[in-house]
1. Considering only the other residues whose Cβ falls under 15 Å of the Cβ of residue 34, what net charge follows from Lys and Arg at +1 and Asp and Glu at -1?
2. In whole Hz, with x marking every Gly and Pro, tabulate ³J(HN,Hα) for the range 35-51 from phi via Karplus 6.51 cos²θ - 1.76 cosθ + 1.60, θ = phi - 60°.
3. Work through the residues other than residue 60 whose Cβ is under 14 Å from its Cβ and net out their charges, Lys, Arg +1 and Asp, Glu -1.
4. Sort the following peptides by mean Cβ neighbour count (other Cβ atoms within 10 Å, averaged over residues), highest first: 57-67, 20-30.
5. Give me the lysines in straight-line cross-link reach of residue 75: C-alpha distance below 24 Å, same-chain residues under 8 apart excluded.
6. Sequence-distant or interchain residues sharing an amide H contact under 5 Å with residue 33, placed H: which?
7. Whose amide H sits under 5 Å from the amide H of residue 46, counting only residues 5 or more places off or on another chain, with H placed in the peptide plane?
8. Output ³J(HN,Hα) for the range 19-31: one whole-Hz value per residue in order, computed from phi by the Karplus curve 6.51 cos²θ - 1.76 cosθ + 1.60 with θ = phi - 60°, and x for Gly and Pro.
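Read-outs throughout are calculated quantities, based only on the coordinates presented, and are distinct from any laboratory measurement. In this text, all values refer to a predicted model and were calculated from it rather than measured experimentally. When we count neighbours, we look across all protein chains shown, and the Cβ atoms used for this are built from the backbone with ideal geometry, even at glycine.
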Amino acid sequence: GSSGSSGMKFQAPARETCVECQKTVYPMERLLANQQVFHISCFRCSYCNNKLSLGTYASLHGRIYCKPHFNQLFKSKGNYDEGFGSGPSSG
């Protein structure tokens, strides 16, 4: 018998996998955030599991959060009045 092919450690670069579910991400469902690739449907807050978009997420230590929970969990509790749109916009 011919003994099998040696397993490659590296994935083919054309195939990207979602960091959440480890399954293949196709271009139409691909979302790049935080230098990581997600399915659009897998891009959710790690805390409350709400679906997020690129405009509504915050990330820390590789985890994705909605902005309210990000502020609740990681920012010191101060009085802020929905100041997401204010301040100098870096783009």
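1. +2
2. Karplus-based 3J(HN,Hα) across the range 35-51 equals 6, 10, 9, 10, 6, 4, 6, 8, 7, 10, 5, 5, 8, 10, 6, 6, 5 Hz.
3. +3
4. 57-67, 20-30
5. Output for residue 75: 51, 67.
6. It is 38, by chain and number.
7. 64, 65, 66
8. Values per residue, Gly and Pro as x: 5, 7, 10, 6, 9, 4, 9, 8, x, 6, 10, 8, 9 Hz.
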